[in-house]
Amino acid sequence: MFKKAILGGDGAVTAVRMKLVQMLESLKVEVVDCGHCADFPDAAKDVSLRVTGEGAASFGVLICGSGTGVSIAANKVPGIRAAFCHDHLTAKLARAHNNANVLCMGARTMGPDTMVDMLETFVNTPFEGGRHEARVNKMMAIDRTAPGGAAPADAEGGDVYVSCDHAAWQETGDVVSFLRDELGIKNVVDMAVHCGDRVDYPDKASVVCKEVVKSGGRGVLLCGSGIGVMMAANKHNGIRAALCHEAFTARAARVYTNANVLCMGARTTGPELHKDILRAFFAASYDADNNNQKVKKMMALEQV
């Protein structure tokens, strides 16, 4: 069990701070409250560096409006496995399967009681190890070895690369068809597995991310919860991978963070939600005028 929690975020954290601190203290977890920063990348950097400096007994809690920005930014820091969670199940899987050491939540997309429940679940769930350990090690090996290259100013147009691990192969075919037939995207490159043979999510994430960086296109990645591919993808320079659970977070990912890879969970969101998420993500445009400074700060974390 974790002994210390390091809490921070942008202005959105102020509304839920006391509830989260009270719950952690009830579990006898020491809380280091970093306050809040005006820009989410600054909060993500502060909390993440403290977590890596403290060691395995500590973990981070990051809050922003949607949860997307802090999850992308934190995963840019070596040694961090930041999970954007939206319910009890994703908080449990983040720890059990991905050994997450930072929990990211959105204050505008979930209620305070849900956030408290997720945090308690996260703290009390141990990492299962076993087959998951090899995948986590493979994911962490991406740190600082991923190819560089600046992503385009706005990630719109170009090819769309789609892939998944074995936990999502049945759903991914429907995603490819929806992109082509319903959204009218002609250049969809299907890189997914088409059987249930086990493949590791860091490998599938890497294949897509390399193509996105090289071509300036966009990517769609699925795994069981979506958490693993999101973590792994953001270890690649030039990638802004957003895990989305519904249409609001999908739109926010594009508008506020200029996300160029969309991640979804095959076992945590259903096929109709996948359609809503895809529709919102590919319809939205990046608001560069109001968000460029924050996105530049976020991408500068690749040099930390």
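The values are calculated or read from the model by the stated rules, or taken from the named source; none is laboratory data. Here the structure is a predicted model, which is why all the values come from computation and not from measurement. Heads up, the Cβs are rebuilt from the backbone with ideal geometry, glycines too, and the neighbour counts pull from every protein chain shown. Note: areas computed on protein heavy atoms with side chains; ligands, DNA, RNA excluded. Shrake-Rupley method; radii C 1.70, N 1.55, O 1.52, S 1.80 Å.
Going by the structure shown, is residue 78 in contact with a helix residue (DSSP H, G or I) (Cβ under 9 Å, 6 or more places away or on another chain), outside any strand (DSSP E or B) and open to solvent by less than 10 Å² (accessible area, probe 1.4 Å)? Don't jump to the end; show me each part of the working.
Values: in contact with a helix residue (DSSP H, G or I) (Cβ under 9 Å, 6 or more places away or on another chain): yes; outside any strand (DSSP E or B): yes; open to solvent by less than 10 Å² (accessible area, probe 1.4 Å): no.
Considered against the rule, which asks whether it is in contact with a helix residue (DSSP H, G or I) (Cβ under 9 Å, 6 or more places away or on another chain), outside any strand (DSSP E or B) and open to solvent by less than 10 Å² (accessible area, probe 1.4 Å), residue 78 comes out as no.
Does segment 58-101 hold any residues that are of a type in the set (A, V, I, L, M, F, W, C) and within 19 Å of residue 253 (Cα to Cα), and which are they? Full working, then the answer.
Here is the first cut: in segment 58-101, the residues of a type in the set (A, V, I, L, M, F, W, C) are 59, 61-64, 70, 72-74, 77, 80, 82-85, 89, 91, 93-94, 96, 100.
Residues satisfying the conditions are 62, 63, 64, 70, 72, 73, 74, 82, 83, 84, 85.
Which of the residues spanning segment 201-227 are in a helix (DSSP H, G or I) and within 9 Å of residue 263 (Cβ to Cβ)? Step through it out loud before you land on a result.
Keep residues of segment 201-227 that are in a helix (DSSP H, G or I), which gives 201-215, 227.
Answer for segment 201-227, where residues must be in a helix (DSSP H, G or I) and within 9 Å of residue 263 (Cβ to Cβ): 205, 227.
Do the conditions hold for residue 40, that is, is it buried (at least 24 other Cβ atoms within 10 Å of the Cβ), closer than 19 Å to residue 253 by Cβ and touching an Asp or Glu at 6+ places or on another chain (Cβ under 9 Å)? Working first, answer last.
Working: buried (at least 24 other Cβ atoms within 10 Å of the Cβ): yes; closer than 19 Å to residue 253 by Cβ: yes; touching an Asp or Glu at 6+ places or on another chain (Cβ under 9 Å): yes.
Yes, satisfied.
Would you mind stating whether residue 257 is surrounded by fewer than 24 Cβ atoms within 10 Å (Cβ to Cβ) and on the phi < 0 side of the Ramachandran plot?
Working: surrounded by fewer than 24 Cβ atoms within 10 Å (Cβ to Cβ): no; on the phi < 0 side of the Ramachandran plot: yes.
So residue 257 fails the test.
Pairs please, first residue from segment 30-56 and of a type in the set (S, T, N, Q), second anywhere and outside any loop (DSSP other than H, G, I, E, B) and open to solvent by less than 60 Å² (accessible area, probe 1.4 Å), Cβ atoms under 7 Å, 6+ apart in sequence or on different chains.
48/60; 48/74; 48/102
Looking at segment 228-266 only, could you name the residues that are charged (D, E, K, R) and part of a loop (DSSP other than H, G, I, E, B)?
The first filter runs over segment 228-266 and keeps only residues charged (D, E, K, R), leaving 235, 240, 246, 251, 254.
Listed by number, the residues that qualify are 235, 240, 246.
For residue 176, which of the numbered conditions (1) assigned to a helix (DSSP H, G or I); (2) open to solvent by 20 Å² or more (accessible area, probe 1.4 Å); (3) free of Cβ contacts under 8 Å to residues at least 40 places away in the same chain fails to hold?
Going through (1) assigned to a helix (DSSP H, G or I); (2) open to solvent by 20 Å² or more (accessible area, probe 1.4 Å); (3) free of Cβ contacts under 8 Å to residues at least 40 places away in the same chain one by one, residue 176 breaks only (2).
Conditions tested, residue by residue: (1) buried (at least 19 other Cβ atoms within 10 Å of the Cβ); (2) polar (S, T, N, Q); (3) on the phi < 0 side of the Ramachandran plot; (4) not in a helix (DSSP H, G or I).
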position	(1), (2), (3), (4)
8	yes, no, yes, yes
19	no, no, yes, no
23	no, no, yes, no
44	yes, no, yes, no
51	yes, no, yes, no
62	yes, no, yes, yes
70	yes, no, yes, no
83	yes, no, yes, yes
89	no, no, yes, no
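Out of 272, 246, report the one residue that is within 15 Å of the chain's Cα centre (by Cα) and surrounded by fewer than 18 Cβ atoms within 10 Å (Cβ to Cβ).
Numbers: 272 fails: within 15 Å of the chain's Cα centre (by Cα).
None of the others qualify; the one that does is 246.
Could you please let me know if residue 97 is within 20 Å of residue 229 (Cα to Cα) and part of a loop (DSSP other than H, G, I, E, B)? Break it down stepwise before answering.
Values: within 20 Å of residue 229 (Cα to Cα): yes; part of a loop (DSSP other than H, G, I, E, B): no.
No, not satisfied.
With respect to residue 28, is the statement that it is surrounded by fewer than 19 Cβ atoms within 10 Å (Cβ to Cβ), part of a helix (DSSP H, G or I), over 15 Å from the mean Cα position of the chain (by Cα) and of a type outside the set (Phe, Trp, Tyr) true? Give the derivation first.
Numbers: surrounded by fewer than 19 Cβ atoms within 10 Å (Cβ to Cβ): yes; part of a helix (DSSP H, G or I): no; over 15 Å from the mean Cα position of the chain (by Cα): yes; of a type outside the set (Phe, Trp, Tyr): yes.
No, not satisfied.
Residues of segment 186-224 being open to solvent by less than 10 Å² (accessible area, probe 1.4 Å), farther than 17 Å from residue 173 by Cβ and not aliphatic (A, V, I, L, M), which ones?
Those that are open to solvent by less than 10 Å² (accessible area, probe 1.4 Å), farther than 17 Å from residue 173 by Cβ and not aliphatic (A, V, I, L, M): 202, 209, 217.
Give just the number: which of (1) more than 15 Å from the chain's Cα centre (by Cα); (2) outside any helix (DSSP H, G or I); (3) at pLDDT 95 or above does residue 148 not satisfy?
Here residue 148 clears every test but (3).
Identify the residue in segment 101-141 that is assigned to a loop (DSSP other than H, G, I, E, B) and within 20 Å of residue 1 (Cβ to Cβ) and, among all such residues, is most open to solvent (accessible area, probe 1.4 Å). Break it down into steps so the answer makes sense when it comes.
Let us first name the residues in segment 101-141 that are assigned to a loop (DSSP other than H, G, I, E, B), namely 101, 107-111, 125-130, 141.
Checking which are within 20 Å of residue 1 (Cβ to Cβ) leaves us with 101, 125-130.
Details: 101: 19, 125: 21, 126: 90, 127: 54, 128: 115, 129: 11, 130: 60 Å².
In this case the residue turns out to be 128.
Test residue 279 against the stated conditions and say whether it is more than 15 Å from residue 239 (Cα to Cα) and of a type in the set (Lys, Arg).
Values: more than 15 Å from residue 239 (Cα to Cα): yes; of a type in the set (Lys, Arg): yes.
For residue 279, the condition - more than 15 Å from residue 239 (Cα to Cα) and of a type in the set (Lys, Arg) - is met.
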